[in-house]
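Engineer: One structure coming up, written as structure tokens, with questions to follow.
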Amino acid sequence: MTKNTLTEFLADLSTGGASKPAVAALFARLAEAAAKVAGAIADGATSARFADESNVNVQGEVQKYLDLFAHEAFLKAARAAPVAHMLSEEEEEPIILTAGAPLALAIDPLDGSSNIAINSPIGTIFGIYPAEGCSTDKSFLRRGRHLLAAGYVIYGARTEMVISVGGPPRLYVLSGKRDAWHFVRECKLPEAAHEFAINVSNYRRWPEQVRVFVDLCLDGREGPLNEDYNMRWLAALVGETHRILLRGGVFFYPGDNRKGYEKGRLRFLYECAPVAFLIEHAGGLATDGLAPILDQVPKTYHARTPLCFGSRFQMERYAEAVNHLHSHEQPLFADRGLFRTGAR
């Protein structure tokens, strides 16, 4: 029987074995915090304060007032849940919470904060790991396959939340009164969709296999993929993930040859691993360009990684481009480029 609200789903989950009751309790607190953040975003429409620059975080990135508001809201939620350690984008080191608690939370409290001032997509991304005693290293510096659950919230025309505890991701929408989350549907990626998301302004800096794949998309129906493609770019991982999860396509944030961008800019623990978890459980694929994201092990709390994910058809075509280049064969369609004369 379908559970019509998040509360009903979590009540059912809390009767499960192992870590499920603790995960259900944490989801409930995160949902409460997300509703508060959604309300603050909506109410902030009458003030520019939330878009104001407040500080510089440990990543060297400018913090907005709303970044800090969201961080504090989710920290309060974690303190009230069975969480031993919380790793936030806004803190250099993990925060020690309840000794002996079974869970560790990795979270980006506000993804896409550069979009605040222009009212474009922003969100929250999180992954839930089993805590390993008193060791934050053992709790977080491990393969993404150790994730127990993951999810995100997107604050848009509607506030929606997507979560998975290992099954198909479940989509919920926040009620107008912000007092309940209603189930919408389970998410399964289409096998193929004719959209790709990448910041094309960096074309000249990408690895060759990325340029080769983008060239295939731009060749359209006259090329080997036999379909015209549209390009999207929202400058917020949560927005890209939501679109692809609901209607398919492929997303790239590769490393490139700029200093500081060799491993891309997205963080493994609280951005890439949770997204990969959701995408895989929706039937898609997520890699660092060569290997599955969830098989990787971060070396530091804020480690960065290239990220590529989406529908299987597009991901498999990208893998073919990689394999051709790595086998030292003539690259697929290497005579064509994004702005080269003669490109279709």
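The values are calculated or read from the model by the stated rules, or taken from the named source; none is laboratory data. As the structure is a prediction and not an experimental result, all values here were calculated from the model. Glycine also receives a Cβ, built like all others from the backbone with ideal geometry; neighbour counts cover every protein chain displayed. To get the accessible areas, we keep the full protein, side chains included, count just its heavy atoms, and leave off ligands, DNA and RNA. Shrake-Rupley method; radii C 1.70, N 1.55, O 1.52, S 1.80 Å.
Engineer: Which residue out of SER139, SER114 is open to solvent by 10 Å² or more (accessible area, probe 1.4 Å) and either closer than 15 Å to THR241 by Cα or more than 13 Å from the chain's Cα centre (by Cα) (or both)?
Structural biologist: Just a single option satisfies the conditions, and that option is SER114.
Engineer: Moving to a separate point now. Consider PRO169 against the criteria (1) open to solvent by less than 20 Å² (accessible area, probe 1.4 Å); (2) under 14 Å from VAL250 (Cβ atoms): it satisfies all of them except one. Which criterion is unmet?
Structural biologist: Unmet for PRO169, out of (1) open to solvent by less than 20 Å² (accessible area, probe 1.4 Å); (2) under 14 Å from VAL250 (Cβ atoms): (2).
Engineer: Here is a further query. May I ask you to say which residue of GLU191, GLU195, GLU186, GLU160 is touching a helix residue (DSSP H, G or I) at 6+ places or on another chain (Cβ under 8 Å), modelled with pLDDT of 95 or more and open to solvent by 20 Å² or more (accessible area, probe 1.4 Å)? Give the steps one after another, and end with the answer.
Structural biologist: Numbers: GLU191 fails: modelled with pLDDT of 95 or more; GLU186 fails: touching a helix residue (DSSP H, G or I) at 6+ places or on another chain (Cβ under 8 Å); GLU160 fails: open to solvent by 20 Å² or more (accessible area, probe 1.4 Å).
That would be GLU195, the only listed residue that is touching a helix residue (DSSP H, G or I) at 6+ places or on another chain (Cβ under 8 Å), modelled with pLDDT of 95 or more and open to solvent by 20 Å² or more (accessible area, probe 1.4 Å).
Engineer: Can we say PHE9 is over 24 Å from ALA70 (Cα atoms), surrounded by 12 or more Cβ atoms within 10 Å (Cβ to Cβ), modelled with pLDDT of 85 or more and under 23 Å from the mean Cα position of the chain (by Cα)?
Structural biologist: Spelling it out, PHE9 is indeed over 24 Å from ALA70 (Cα atoms), surrounded by 12 or more Cβ atoms within 10 Å (Cβ to Cβ), modelled with pLDDT of 85 or more and under 23 Å from the mean Cα position of the chain (by Cα).
Engineer: Right, something else. For region 216-226, what are the residues that are buried (at least 16 other Cβ atoms within 10 Å of the Cβ) and either more than 25 Å from the chain's Cα centre (by Cα) or part of a loop (DSSP other than H, G, I, E, B) (or both)?
Structural biologist: LEU216, LEU218, ASP219, GLY223, LEU225 - these are the residues of region 216-226 that are buried (at least 16 other Cβ atoms within 10 Å of the Cβ) and either more than 25 Å from the chain's Cα centre (by Cα) or part of a loop (DSSP other than H, G, I, E, B) (or both).
Conditions tested, residue by residue: (1) modelled with pLDDT of 95 or more; (2) part of a loop (DSSP other than H, G, I, E, B).
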site	(1), (2)
ALA42	no, no
THR98	yes, yes
ILE107	yes, no
ILE116	no, no
THR124	yes, no
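Engineer: Checking GLY255 against (1) surrounded by fewer than 20 Cβ atoms within 10 Å (Cβ to Cβ); (2) outside any strand (DSSP E or B); (3) without any contact (Cβ under 8 Å) to a residue 60 or more places away in the chain, which single condition isn't satisfied?
Structural biologist: Of (1) surrounded by fewer than 20 Cβ atoms within 10 Å (Cβ to Cβ); (2) outside any strand (DSSP E or B); (3) without any contact (Cβ under 8 Å) to a residue 60 or more places away in the chain, only one is false for GLY255: (1).
Engineer: So which residues in region 258-297 are closer than 22 Å to VAL165 by Cβ and assigned to a loop (DSSP other than H, G, I, E, B)?
Structural biologist: If the condition is that a residue be closer than 22 Å to VAL165 by Cβ and assigned to a loop (DSSP other than H, G, I, E, B), then ALA282, GLY283, GLY284, GLN296 are the ones that fit.
Engineer: Are there any pairs, at least 6 apart or on different chains, whose C-beta atoms fall under 6 Å, with the first in region 80-103 and free of Cβ contacts under 8 Å to residues at least 60 places away in the same chain and over 14 Å from PHE140 (Cα atoms) and the second open to solvent by 30 Å² or more (accessible area, probe 1.4 Å) and not in a loop (DSSP other than H, G, I, E, B), and if so, which?
Structural biologist: Here the result reads ALA80/ARG29; ALA81/ALA25; ALA81/ARG29; LEU97/ARG79, each pair linking region 80-103 to a residue that is open to solvent by 30 Å² or more (accessible area, probe 1.4 Å) and not in a loop (DSSP other than H, G, I, E, B).
Engineer: Just to be sure I understand, how many residues within region 274-325 are closer than 19 Å to LYS188 by Cβ, hydrophobic (A, V, I, L, M, F, W, C) and open to solvent by 20 Å² or more (accessible area, probe 1.4 Å)?
Structural biologist: Number satisfying all stated conditions: 2.
Engineer: Please name all residue pairs, on different chains or six or more residues apart, with Cβ atoms under 7 Å, provided the first residue is in region 286-301 and is within 21 Å of ASP256 (Cβ to Cβ) and the second residue is of a type in the set (Phe, Trp, Tyr) and surrounded by 15 or more Cβ atoms within 10 Å (Cβ to Cβ).
Structural biologist: ALA286/PHE309; GLN296/PHE268; PRO298/PHE268
Engineer: Oh, and also: Working only within region 236-286, note down all residues that are among the small types (Gly, Ala, Ser), more than 11 Å from the chain's Cα centre (by Cα) and under 20 Å from SER88 (Cα atoms).
Structural biologist: Scanning region 236-286 gives a single hit, GLY264.
Engineer: Okay, next question. Does VAL250 satisfy the condition of being surrounded by 21 or more Cβ atoms within 10 Å (Cβ to Cβ) and either farther than 27 Å from ASP137 by Cβ or polar (S, T, N, Q) (or both)? Steps first, please.
Structural biologist: Numbers: surrounded by 21 or more Cβ atoms within 10 Å (Cβ to Cβ): yes; either farther than 27 Å from ASP137 by Cβ or polar (S, T, N, Q) (or both): yes.
The answer is yes for VAL250.
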